[in-house]
Amino acid sequence: MQQGTLMRKVKSKSWKKQRYFKLQEDCMTIWYQSKRTGKTESAFSISDVETVREGHQSEVLQSVAEEFPPERCFTIVFYGRRGNLDLIAGSAEEAQCWVQGLRQLIEPRSFPLTFALVSCTWIRDWFQKADKNKDGRMNFKEVQRLLKMMNVDMNEDHALRLFQDADKSESGTLEGEEFVLFYKALTQREEVLSLFQEFSEDGKKLTLLELVDFLRQEQLEDEGTEELAMELIDKYEPSETARARHVLSADGFLMYLCSPEGSIFNPQHRALWQDMSQPLCHYFISSSHNTYLIEDQIRGQSSIEGYIRALKRGCRCLEVDCWDGPNGEPMVYHGHTFTSKIPFREVVSTLGKTSWGNSSSPLPSMGTSPPSSHPQSAEGSWSCWPPAVRDPRGQGPWRRWVAQGASLSPTTQELKHKILLKGKKIGRLEDTLNGSGDEAPDVSDDDNGAEAEEERRRAKVNGTQHGSALQKDKESLAQALSDCVIYCKNVPFRGFQEARSHSRPSEISSLSEAKARKLIRDEGNEFVRHNAWQLTRIYPSGMRTDSSNYSPQEMWNVGCQIVALNFQTAGTEMDLCDGLFSQNGCCGYVLKPPFMRDKETLFNPSDPSSREGPGPVTLTIQVISGQQLPKVANSKEGAIIDPLVRVEIYGVPADQAHQETKHIENNGFNPRWDETLQFQLHVPELALIRFVVEDYDKTSRNDFVGQFTLAFANIKPGYRHIHLLSKDGTSIPPSSLFVHIRITE
């Protein structure tokens, strides 16, 4: 990669400053300085970078698209809430040099992370932080400071003993390999070594047969175990000699346990593993609410970044609120509020470029309040969308589906690479097929009715109501726009009996969270049956002006497919969403259990005994230890956490539970709990397990440290590592928990 490259850092159309960017010798840090003053402005670590986007894939770079070609532009996207860095290189060649170079540096860090690489990166990062005078050596005082930074409260005599053992040159300092030795002594895993020796006859290695015994007895691997053992040795044994002898050393054993194969998350379920030939209504679909917003619901910023982030996160159902804008330009924003606006054509262009990055599954799009005065300007922006959207009268799967009078919606397989519009429609689907459009439009819709009314009432209370918003005329709907609504026609919900008698699989109702809860409480079984053949969308209360979220679990318990959440707001609710949809290739679709796909099912989440199938299962979790847990954000210098682990079960009401370990004082580096927690699950098919690490505080609320959430169906039993995530859902290597899992009926 070139170093000391002169590029433009762009913050807006008018703010473009030239800066020198340079990759430091450690290949882990990039700094940049002003061309004018020569002063270093900032620096960031490669470990902070999530991805690199080429071309005009940000609002800022789109604003200068006429001035600078896409070949010279790229965006560095950081983990968490840190803002993007938009850059313009001097040439296309320079841009490619940086883009490809950065991608090569961040590529190995993509989950799942390898233990060896994480350790290497971790050692280098900590050495640089602790080497105060930057002489490439570390004296004992610097080591003591390092231990505090690493969340370790160690006896000074013990720390000095480790230091002297590693100081092979007897120079009073550690450098290079000496620091690596010190780090290895510091990270010695006694609990793993004990487990290793339990299956190793000589205590030094695991033979192929000993490893097979471990995999069968503890990890419950019962198919192709010998082949798997050979594979693990070839993959994780660092010694070439040991590999040739088909044995696994203690180091190799630890590397296996920290690998994807040793994770609590079944690695086979990371890929597409479910049946994708079922109707749309048979899947839970990852869905966002007001996708364009990246802040609050009243004055927040609207940005195409909201769509990019949601799609990258696996979201497959987006919301595009279109309103008439100046000069006939449709705009996207939250109506009747002070949120900023973005052109509809920019949203459509972004969807065309980013919709199929992670998934080829269909993309339902919630198009509410379509522009009425200039529908053709909106339609003209759709040229980048798939043919099934541009030409709804073509020979797509929907024509065969309607002609055959199907009783369920089309399959996800049939709708691959299609964007489906949810919106108002003139007449029936058959009228579109036959070319007839004389029937008056059905413009009623719960989402644009009840929610819009709630928004206007709330705005009035807050003093933001305008005279023009007091009236809402019936909009005239363009036939061309109506024809694009095929599988997701908005209809008002008037009860389950009415829906069963008159509704069709091509129709969808939107319900507020409050209305959905009442139906769950009063008619749980009917709700499950309804969702077995028709789509239902749930949206947050209009009173959630801070973009907070409701619990999606209670909606999934009755089979609601499109449970829309505010993706910009971190918290337990988004942890559950990420936990459910992290499986199945992150395609945004998860198949519902069989008893929720039967229109005559007896299942009611309030009565677990109504579920057909095996009886309850017992989940036993031994929380053994933690490794290199992060400090709490904004904690005092020198503060060390007192970690505890809480395991939370989310599912049907009878399964909701949580238990926690005791806290360990002053040890966030390698705490040991060795505590066993046990749960009984009546409907394991709907259960999500959330592991949370907190910093105990006896006088106030505990502080969040990290979490990991997954569906019960994705758990691998045995000795497993849980790789923790931050509040924003990003990985925080090498922080992890070590647990032992057992599942019994």
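The values are calculated or read from the model by the stated rules, or taken from the named source; none is laboratory data. Fair warning: this is a prediction, and the values are worked out from it, not measured in the lab. Every residue, glycine as well, gets a Cβ built from its backbone with ideal geometry; the counts of neighbours run over all protein chains shown. Each accessible area value is taken on the protein alone, full model and side chains, heavy atoms only, with ligands, DNA and RNA left out. Shrake-Rupley method; radii C 1.70, N 1.55, O 1.52, S 1.80 Å.
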Handout entry: Semi-axis lengths (Å, descending) of the ellipsoid that matches the C-alpha gyration tensor of the stretch 614-744
Key = 27, 14, 14
Completion exercise
Charge dipole of the stretch 190-262 built from unit charges on the beta carbon (Lys, Arg +1; Asp, Glu -1), centred at mean Cα; most positive-end Cα among THR241, PHE199, GLY224 is THR241
Problem - Space enclosed by the convex hull of the alpha-carbon atoms of the stretch 233-286, per residue, Å³ - result: 101
Completion exercise
Rounded to the nearest 10 Å², the 1.4 Å probe accessible area of THR744 is 70
Exercise for the section: Tell me the GluC sites (Glu not before Pro) within the stretch 203-271 that lie in a loop according to DSSP and have at most 14 other beta-carbon atoms within 10 Å. Expected result: GLU223
Handout entry: Relative contact order of the stretch 599-700, pairs being alpha-carbon contacts under 8 Å that are 6 or more residues apart, as %
Key = 36
Practice task
Taking the Cα centre of the stretch 473-547 as origin, work out the dipole magnitude from +1 charges on Lys and Arg Cβ and -1 charges on Asp and Glu Cβ, in debye rounded to 20.
Solution key: 220
Problem - Rounded Å value of the spacing that divides the Cα centres of the stretch 610-646 and the stretch 216-277 - result: 24
Handout entry: Given charges at beta-carbon only (K, R positive; D, E negative), |dipole| of the stretch 614-744 in Debye
Key = 220
Handout entry: When the convex hull of its Cα atoms is projected in every direction, mean area for the stretch 680-745 (nm²)
Key = 5.8
Practice task
Run a plain Debye calculation on the stretch 158-245 (Cα atoms as equal point scatterers, no solvent) and give log10 I(q)/I(0) at q = 0.10, 0.13, 0.18 Å⁻¹, rounded to two decimals, same order as the q list.
Solution key: -0.40, -0.60, -0.87
Exercise for the section: Please report, largest first and rounded to whole Å, the three semi-axes of the ellipsoid equivalent to the stretch 5-106, where each semi-axis is the square root of five times an eigenvalue of the C-alpha gyration tensor. Expected result: 19, 16, 13
Completion exercise
Contour minus Cα-Cα span, LYS148 to LYS184, at 0.36 nm per residue, comes to 11.2 nm
